[in-house]
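Asker: Following this message is one structure expressed as structure tokens.
The values are calculated or read from the model by the stated rules, or taken from the named source; none is laboratory data. Bear in mind the structure is a predicted one, so any value in this text is a computation, not a measurement. We place every Cβ from the backbone using ideal geometry, glycine too, and count neighbours over all the protein chains shown. Calculation scope for accessible area: heavy atoms of the full protein, side chains included, ligands and nucleic acids excluded. Shrake-Rupley method; radii C 1.70, N 1.55, O 1.52, S 1.80 Å.
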Amino acid sequence: MAFTQRDIISIRDFSKSDIENILKLAEKMEPVARSQEKCNILEGKLLGNLFYEPSTRTRLSFEAAMQRLGGGVIGFAEAGVSSATKGENLNDTVRIVAEYTDALVIRHKMEGTARFVADLVDVPVINAGDGAGQHPTQTLLDLYTMKRILGNIDDLHVALVGDLKYGRTVHSLAYALAMFEVKMSFVSPEELRMPREILHDLSNSGVYVNETANIHDVLDQVDVLYVTRIQKERFPDPKEYSKIKGAYLINSKLLNGSRAIVMHPLPRVDEISHDVDDTPYGKYFEQAFYGVPVRMALLKSLIK
Ligand code: NCD
């Protein structure tokens, strides 16, 4: 399907061939992302970055991607500096910024916000995370990382580890992986299991999923350990968070002898020890870089 002017709200809006096309284009973008080549294809275009929730990588890699392609970026990194503090509602703010720009990126704590915004404005809207909902562009860069480092996505066994209940990255990633010939293992404390409805959708698509609370059950079988942060800010009761925090600690001793690479959308808190960073296992910094070429591919495809 053509990408121009499309909204990117859920990874389920993509077909497998849509994903593959973006990943191929991202590979062509890598020299530009590394500043080895120039490309001004989005010269004169403006991206509106509306971040109502904190972000480092997603916001800055969208900015880097847009600027590497010759375009510009306006927006805010926290609602506190926008007229939201004066009582302006989201509806008015996004309609105005859409008038100034050629595409919008939005992150918000409420699930469904990106879809709501997409219905209000004519420019393409990209969901950069809506509460515990989805984070589709993170998934594209996660898939790109697997393909780039391991050569393919088909035939991999991927373990999603940590907060599978509130983590939007793993919700999007699980749906995307189900389009490929993969095995998935879900490793989480009982309280943070993957939502039932997602498990149901995955089983309907015929993908093999194994659930466990014990990382040792899968450690010697998987190609990828995709580790996530326990999403403290989404717990209705802080006491529940304190009980579960620190549930998993991935360190180099644990990984010794495993063939798995370790990925993480970042930020990490204490779930991956720093002694993994410079080992052949730790791929999360490389993964964060791939956010730039992948978002370049997406912006180039979306903006008219
Ligand atoms: C993630 C997010 O915001 O969902 N971060 C990111 O975009 N790389 C993960 C997280 O906050 O734990």
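Asker: With all distinct Cα pairs included, what does the Kirkwood hydrodynamic radius of the chain come out to in Å, to one decimal, could you say? Intermediate values should be presented prior to the final figure.
Answerer: Details: mean 1/r = 0.0507 Å⁻¹.
19.7 Å is the Kirkwood radius here.
Asker: Using Cα pairs under 8 angstrom and six or more residues apart, how large is the relative contact order of segment 136-288, in percent? Working shown, then result.
Answerer: Details: 248 pairs, mean separation 36.5, N = 153.
Here the relative contact order equals 24 percent.
Asker: Return the distance in nm (one decimal) between the two label points of a simple spin-label model at residue 270 and residue 155, each offset 7 Å from Cα along Cα→Cβ.
Answerer: 4.0 nm
Asker: Hey, any idea what % of segment 136-288's accessible area is carbon plus sulfur with a 1.4 Å probe? Show your work: numbers first, answer last.
Answerer: Working: 3100 of 6490 Å².
Looking at segment 136-288 in its full context, I get 48 percent from C and S.
Asker: How big is the dipole moment of segment 136-288 about its Cα centre under a simple scheme where the beta carbon of each Lys and Arg is +1, that of each Asp and Glu is -1, and everything else is neutral? Debye, nearest 20, please. Intermediate values should be presented prior to the final figure.
Answerer: Working: 17 positive and 22 negative charges, 57 e Å.
Here the size comes out at about 280 debye.
Asker: Starting from segment 1-56, pick out the GluC sites (Glu not before Pro) whose DSSP state is loop and whose Cβ has at most 10 other Cβ atoms within 10 Å.
Answerer: In loop regions of segment 1-56 (DSSP not H, G, I, E or B), the sparsely surrounded GluC sites (Glu not before Pro) are 43.
Asker: Give me the percent relative contact order of the chain, please, defined on Cα pairs under 8 angstrom at least 6 residues apart.
Answerer: So the answer I get is 22 percent.
Asker: How much length would be gained if the chain were fully extended between residue 211 and residue 196, taking 0.36 nm per residue of separation minus their Cα-Cα distance, in nm to one decimal?
Answerer: Values: separation 15, 0.36 × 15 = 5.40 nm, distance 1.19 nm.
So the extension gain works out to 4.2 nm.
Asker: While we're on this one: Running a GNM on the chain with Cα contacts under 10 Å, which residue among 221, 36, 67 ends up with the highest mean-square fluctuation?
Answerer: The residue with the greatest mean-square fluctuation here is 36.
Asker: Let me ask something else. With the other protein chains left in place, how much accessible area per residue, in square angstrom, belongs to the chain at a 1.4 angstrom probe?
Answerer: Result: 44 Å² of accessible area for each residue.
Asker: Residue separation times 0.36 nm, minus the C-alpha to C-alpha distance between residue 204 and residue 27: what's the value?
Answerer: On the way: separation 177, 0.36 × 177 = 63.72 nm, distance 3.20 nm.
Contour length minus Cα-Cα distance gives 60.5 nm.
Asker: To the nearest 20 Debye, how big is the dipole of the chain about its Cα centre, given +1 on the beta carbon of each Lys and Arg and -1 on that of each Asp and Glu?
Answerer: Values: 36 positive and 41 negative charges, 85 e Å.
Its charge dipole is roughly 400 debye.
Asker: Once the other residues with Cβ under 12 Å from the Cβ of residue 129 are scored (Lys, Arg +1; Asp, Glu -1), what is the net sum?
Answerer: Net charge in that neighbourhood comes out at +2.
Asker: I need the peptides 293-299, 280-286 ranked by packing, meaning the mean over residues of other C-beta atoms within 10 angstrom, with the highest value on top.
Answerer: 293-299, 280-286
Asker: For the pair residue 237 and residue 78, what calculated FRET efficiency results from E = 1/(1 + (r/R0)^6), where r is the Cβ-Cβ distance and R0 = 30 Å, to the nearest 0.05?
Answerer: So the FRET efficiency works out to roughly 0.75.
Asker: Mind pulling the angle between the C-alpha long axis of helix 168-177 and the longest principal axis of the chain? Nearest 10 degrees, somewhere in 0 to 90.
Answerer: 80 degrees
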